[in-house]
Amino acid sequence: MSRLIVVSNRVPTQEGGAAGGLAVALHAALEQHGGMWFGWSGESSGERETDRLTIRESGNITYALVDLTRRDLDEYYSGFANRALWPLFHYRLDLTDFSRRDMAGYFRVNRFFARLLAPLVRPDDIIWVHDYHLIPLASELRQMGLRNRMGFFLHIPWPPPDVMFALPPHQTIVRALSSYDLVGFQTEFDAENFAACLIREGLGNRVGDQVFDAYGRLFVMGVFPIGIETSEFAKLAADYEKNQVVQRTARSLEGQQLVIGVDRLDYSKGLGERLEAYSRYIENNPASRGKVVYLQITPKSRSEVPEYADMQKEIAELAGRVNAAHGDLDWTPIRYINRTIKRAALAGLYRIARAALVTPLRDGMNLVAKEYIASQEPDDPGVLVLSRFAGAARELDGALLVNPYDIEDIATAIARALDMPLDERQARWKPMFDRITEFDVTLWCQSFLDALKRTRVMARAS
Ligand code: GDG
């Protein structure tokens with residue numbers, strides 16, 4: 001059996017502990033095939049570029065980690081990936097900061113990764129590259145003569161053509177993707193947007209149902225909505241009574257209903273609109289005062305990127321303003337937590353929350369929505385309020401779907417969620433739970449790899 005090589009910007013080595021569902025699923029696939037996980041070590045080598053790879057072995061998995069210089073991180077990671085591609089792919093042209101210097105850094109680091117990876121690859125290895133940081137990796141590896149089967153999965157949305165075309169090097173980005181054998185997206189919408197970009201600019205043609213001909217290569221496009229470790233999450237949540245943090249939180253509620261939000265601090269998550277909507281909910285429902293608490297868990301992320309640092313301040317101020325406007329001596333409407341909490345506690349908190357607010361302005365999938373559903377008590381499930389612009393909305397149609405830009409719509413959904421009778425809550429929850437139990441992260445991983453193994457056959461048959 002051929003080995004699997006996973007490439008991602010960050011590599012969750014098993015010593016790192018607290019692995020999320022994706023890391024667990026990929027580790028399982030790597031264990032099964034034997035193979036390697038390659039990527040950035042998370043460390044900076046300062047000013048000096050180093051070709052030194054840190055190699056760690058764990059069972060039949062090899063981790064190959066590379067340090068990046070400060071300049072590389074500035075241009076490739078904080079620059080082009082997180083200030084150009086991330087906002088643009090989330091439809092935020094207003095926040096997209098394109099610079100030729102960062103773009104050059106992005107392609108240079110991808111070439112650097114390819115140069116270090118290529119000698120480690122055997123001819124029959126399968127290579128699976130993850131996410132927007134590494135789009136050009138396959139084309140760099142192909143230029144070095146590698147003919148391996150290569151797949152790419154985009155975890156974030158792919159924007160419509162008119163948004164994409166605003167990125168000066170959009171053709172180079174699209175061309176780079178055509179070097180893969182399989183390009184995977186979270187939803188049909190993302191896949192359609194990508195196909196529209198190719199076709200509208202005459203960069204490629206659809207030559208089969210999912211097969212494209214572009215830049216002299218055939219490649220396959222597929223849709224693989226990512227899942228979570230549903231049964232593990234359900235088990236963690238069912239054990240909530242053993243968790244001190246959850247117990248403490250439950251006691252502190254003193255019978256009030258809990259509403260929960262869990263998001264990395266990121267402008268794509270619609271946190272500002274959500275806090276405004278909760279404030280509107282209190283105004284529209286004065287009887288909720290002292291009866292509802294909204295817990296927002298928001299670990300900081302990418303603080304080195306200026307837009308994120310600004311946002312950190314804005315959201316903290318907004319939470320403070322809502323509390324000042326509506327709070328009382330014995331009631332704080334919002335508990336705003338700015339750090340990471342342990343996974344088991346998170347599962348338990350989802351369990352005791354009567355409603356979850358997942359209202360991103362745009363999201364590739366959104367795993368929190370699925371984790372909340374996985375964590376519910378079957379006899380007394382809570383209600384998910386979900387943005388129609390999260391990839392998860394394609395699957396979780398029992399949620400109360402909202403327009404995340406419409407404050408009144410979210411406020412009304414919060415009221416409806418908190419008043420919903422048990423039979424309706426159960427009827428909405430069960431099909432969603434069944435769906436995420438069947439399509440979990442293990443099946444996602446297998447489906448992608450099976451499709452990747454079949455792609456050349458498919459491309460030939462078209
Ligand atoms: C990208 C795409 C796509 C959050 N706070 C804590 C914590 N988390 C965990 C959640 C969840 C994960 O982080 C966040 O995943 P999301 O899917 O919600 O969002 P992104 O980070 O933006 O992920 C997204 C995903 O990739 C996968 O393809 O769904 O669309 O943007 O698992 O639980 N975990 C713990 N403590 C926290 O405080 N333990």
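Taken over region 253-302, the criterion of being of a type in the set (Gly, Ala, Ser), under 22 Å from Val368 (Cβ atoms) and more than 16 Å from the ligand (Cβ to nearest atom) is satisfied by Gly272, Ala277, Ser279. Note on region 55-157: enclosed helices (runs of 4 or more DSSP H) holding 2 or more residues that are aliphatic (A, V, I, L, M) are 100-117, 137-143.
Counting the residues of region 27-52 that are assigned to a strand (DSSP E or B) and surrounded by 14 or more Cβ atoms within 10 Å (Cβ to Cβ) gives 9. Of the residues making up region 190-220, just one is within 23 Å of Asn148 (Cβ to Cβ), without any contact (Cβ under 8 Å) to a residue 12 or more places away in the chain and either under 22 Å from the mean Cα position of the chain (by Cα) or buried (at least 16 other Cβ atoms within 10 Å of the Cβ) (or both), namely Asp213. Per the listing Glu377, Glu371, the residue uniquely of a type in the set (Asp, Glu), near the ligand (Cβ under 7 Å from one of its atoms) and either buried (at least 24 other Cβ atoms within 10 Å of the Cβ) or at pLDDT 95 or above (or both) is Glu371. Of everything in region 320-364 that is buried (at least 24 other Cβ atoms within 10 Å of the Cβ) and hydrophobic (A, V, I, L, M, F, W, C), the residue that is farthest from the ligand (Cβ to nearest atom) is Ala355.
When you go through Leu396, Leu443, Leu384 one by one, which is the residue that is under 19 Å from the mean Cα position of the chain (by Cα) and in a loop (DSSP other than H, G, I, E, B)? Full working, then the answer.
On the way: Leu443 fails: in a loop (DSSP other than H, G, I, E, B); Leu384 fails: in a loop (DSSP other than H, G, I, E, B).
Exactly one of Leu396, Leu443, Leu384 is under 19 Å from the mean Cα position of the chain (by Cα) and in a loop (DSSP other than H, G, I, E, B), namely Leu396.
Asp239 meets the conditions (1) over 30 Å from Pro159 (Cα atoms); (2) of a type outside the set (Gly, Ala, Ser); (3) without any contact (Cβ under 8 Å) to a residue 60 or more places away in the chain in every case but one. The failed one is (3).
The values are calculated or read from the model by the stated rules, or taken from the named source; none is laboratory data. Note that the coordinates shown come from a computational prediction; the quantities given were computed from them, not determined experimentally. Glycine also receives a Cβ, built like all others from the backbone with ideal geometry; neighbour counts cover every protein chain displayed.
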